[in-house]
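**Q** Encoded as structure tokens, here's the structure I'll be asking about.
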Amino acid sequence: MKITSARLIICSPGRNFVTLKIETDEGLTGLGDATLNGRELSVASYLQDHVLPCLIGRDAHRIEDIWQYLYRGAYWRRGPVTMTAIAAVDMALWDIKAKAAGLPLYQLLGGRSREGVMVYTHANGSDIAHTVDEVLKAKAEGYRAIRAQCGVPGLDKVYGVGKGGHYEPADASLPSEHDWDTAKYLRHTPKAFEAFREALGPDIHLLHDVHHRLTPNEAAQLGRALEPCQLFWMEDPTPAENQAAFRLIREKTTTPIAVGEVFNSIWDCKQLIEEQLIDYIRTTVLHAGGITHLRRIADLASLYQVRTGCHGATDLSPISMGAALHFDTWVPNFGIQEYMHHSPQTLDVFPHDYHFKDGFLHCGEKPGHGVELDEKLAAKYPYQRAYLPVNRLQRDGAMWDW
Ligand code: CS2
Ligand code: MG
């Protein structure tokens, strides 16, 4: 089965998405997500100018060989742009192979390991009382796991807390600025989680995203202070370029740790996994080289009892969500899947067969990954430049981690 065409569709139904469509001489087509939030056009160019011309005429069934060709063959390995581009090709090829087999994608990975995929949703509030309301609303909607982010007194804009409850990471046509003060955050957060746990009772999982803002020592302090609230995880407590830094956090607290949404290869998490410095690995089908590479990361993780917790923010298109759900349905060491709701416009542009019920997402049974693209509708939403915010210290305006 030869690849006859490979092209990009870039659209912005509320936010930007880059989609790769691969067509074959047997009439089967596949879709892959190529969206890198705030840097969308760099992946589009990488694909358009350097990858797509090399795909024409190749056998669409040779997923592994094409993966190696794009990874080893490029000489320049790894990095978010390269690995997102490879992921888009990989997702589209798995879609095609599953359609050729007439099977939902999870069947090709080894079949079903579970009846549904437990997801966590977001509850964001400007203060503790508001966040308690949001957390209880999520519980009433049937979620078994809830990520809570709460405004901090004295800070104007805090990660994860949007205007009027809605939160979208890429919020402006030039980077907007957030302010940060670690001492204020560390004072407030344990009080907030005490209130969330009390409101929820013991049975609902609570999660929190620190978004790389603490030093390892501060992260250890926060982890300890949160131990009575029994978190499912504390996410990205400190930047992870230095994997060994997690030893300090690990030695000091039993609060489980999740890391990896910004990782793009197995090398970014090798030490974290082998030394059991984390509990959950958050790499995705999108930013970590597709299903082919994510499977290798999950297999390594399984040797060390590290479980998966795939990133699933709105900047990953429904195609990534569809592919992730097939992956999650199979992967033996599954932990949880993030589920941040796409806008109604986005869902109209990407018809899909996954559905939510009682705290779980379920992939569909259609051949492939089950997500399509309405190209006519997509054309009504042209690309709009959008950036993630930057973060500065309130004290003196110095740049901080975001
Ligand atoms: C986040 C994201 O979902 C998460 O855990 O950290 O909101 C993240 O900020 C965006 O996906 C960045 O693109
Ligand atoms: Mg995160």
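Every number here is computed from the coordinates shown, using simple stated rules; none is lab data. Please read all numbers here as calculations on a predicted model, not as lab measurements. FYI the Cβ positions are ideal-geometry reconstructions off the backbone, even for glycines, and counts take in every protein chain you see.
**Q** Would you please classify the overall shape of the stretch 293-402 from the alpha carbon gyration tensor, given that a ≥ b ≥ c denote the square roots of the eigenvalues, rounded means a/c under 1.5, and beyond that prolate means a/b larger than b/c while oblate covers the rest?
**A** Judged from the Cα gyration tensor, the stretch 293-402 comes out oblate (a/c at least 1.5, b/c at or above a/b).
**Q** Pull out the extension gain between residue 191 and residue 357, defined as 0.36 nm times the separation in residues minus the alpha carbon to alpha carbon distance; nm, one decimal. Could you put the intermediate results ahead of the total?
**A** Values: separation 166, 0.36 × 166 = 59.76 nm, distance 3.17 nm.
56.6 nm is the gain from fully extending residue 191 to residue 357.
**Q** If R₀ is 25 angstrom, what is the calculated FRET efficiency for the pair residue 168 and residue 198, using the beta carbon separation as r and rounding to 0.05? Intermediate values should be presented prior to the final figure.
**A** Details: r = 30 Å, r/R0 = 1.18.
After rounding, the FRET efficiency stands at 0.25.
**Q** Check which residues have an amide H placed less than 5 Å from residue 308's amide H, if you skip close sequence neighbours.
**A** Residues meeting the amide H criterion: 281, 334, 335, 336.
**Q** Please check: in the Gaussian network model of the chain (C-alpha springs, under 10 Å), which one of 56, 86, 297 has the largest mean-square fluctuation.
**A** 56
**Q** OK, next. So, in Å, what gap is there between the alpha-carbon centers of the stretch 292-347 and the stretch 102-154?
**A** Centre-to-centre (Cα) distance: 13 Å.
**Q** Give the angle, between 0 and 90 degrees and rounded to the nearest 10, that separates the Cα long axis of helix 318-330 from the longest principal axis of the Cα atoms of the chain.
**A** Helix 318-330 sits at roughly 80 degrees to that axis.
**Q** How big is the dipole moment of the stretch 108-365 about its Cα centre under a simple scheme where the beta carbon of each Lys and Arg is +1, that of each Asp and Glu is -1, and everything else is neutral? Debye, nearest 20, please. Intermediate results must be reported in sequence, preceding the final value.
**A** Values: 23 positive and 34 negative charges, 108 e Å.
The dipole magnitude comes to about 520 debye.
**Q** If you take the beta carbon distance between residue 177 and residue 41 as r and set R0 to 30 Å, what does 1/(1 + (r/R0)^6) give as a FRET efficiency, to the nearest 0.05? Intermediate values should be presented prior to the final figure.
**A** Values: r = 23 Å, r/R0 = 0.76.
Given R0 = 30 Å and the Cβ-Cβ separation, E is 0.85.
**Q** Next question, about the same structure. Compute the acute angle (0 to 90°) between the alpha-carbon long axis of helix 128-140 and the principal axis of greatest extent of the alpha-carbon atoms of the chain; round to the nearest 10°.
**A** 50 degrees
**Q** Hull surface divided by four, with the convex hull built on the Cα atoms of the stretch 1-59: how many nm²?
**A** On the way: hull surface 15.8 nm².
Taking a quarter of the hull surface, the average projection is 4.0 nm².
**Q** Could I ask something else about it? Per residue of the stretch 62-73, in order, report the coupling 6.51 cos²θ - 1.76 cosθ + 1.60 (Karplus, θ = phi - 60°) as ³J(HN,Hα) in whole Hz, putting x for Gly and Pro.
**A** Rounded to whole hertz, the list is 8, 4, 5, 5, 5, 4, 5, 4, 7, 7, 6, x.
**Q** Quick one: length gained pulling residue 242 to residue 254 fully straight, 0.36 nm per residue minus the C-alpha distance?
**A** Working: separation 12, 0.36 × 12 = 4.32 nm, distance 2.04 nm.
Result: 2.3 nm gained on full extension.
**Q** Using alpha carbons only, how many degrees (0 to 90, rounded to 10) separate the axis of helix 182-200 from the longest principal axis of the chain?
**A** Taking Cα atoms only, the helix is inclined about 80 degrees.
**Q** Taking DSSP loops as anything outside H, G, I, E and B, show the longest stretch in the chain free of GluC sites (Glu not before Pro) there with at most 13 other beta carbons within 10 Å.
**A** On the way: sites that count: 26, 115, 141, 241, 365.
Counting only loop sites that pass the neighbour cut-off, the longest clear stretch is 242-364.
**Q** Right, here's the next one. Convex hull over the Cα atoms of the stretch 108-365, averaged projected area in nm²? Let's see the in-between values first.
**A** On the way: hull surface 53.6 nm².
Result: a mean projected hull area of 13.4 nm².
**Q** Give me the one-decimal nm value for the distance between modelled label points at residue 394 and residue 49, 7 Å along each residue's Cα-to-Cβ direction.
**A** That separation, rounded to one decimal, is 4.3 nm.
**Q** Something else: Specify the residue with the greatest mean-square fluctuation among 260, 312, 359, computed from a Gaussian network of the chain linking alpha-carbon atoms under 10 Å apart.
**A** Judging by the Gaussian network model, the answer is 359.
**Q** Can you find, among 29, 73, 52, the residue farthest towards the positive end of the dipole of the stretch 7-94? Put +1 on the C-beta of Lys and Arg, -1 on that of Asp and Glu.
**A** Checking the options against the dipole of the stretch 7-94, the answer is 73.
**Q** Taking the convex hull of the alpha carbon atoms in the stretch 3-105, what volume per residue do you get, in Å³? Before the final figure, lay out the partial values.
**A** On the way: hull volume 10.0 nm³, N = 103.
Taking only Cα atoms, the stretch 3-105 has a hull volume of 97 Å³ per residue.
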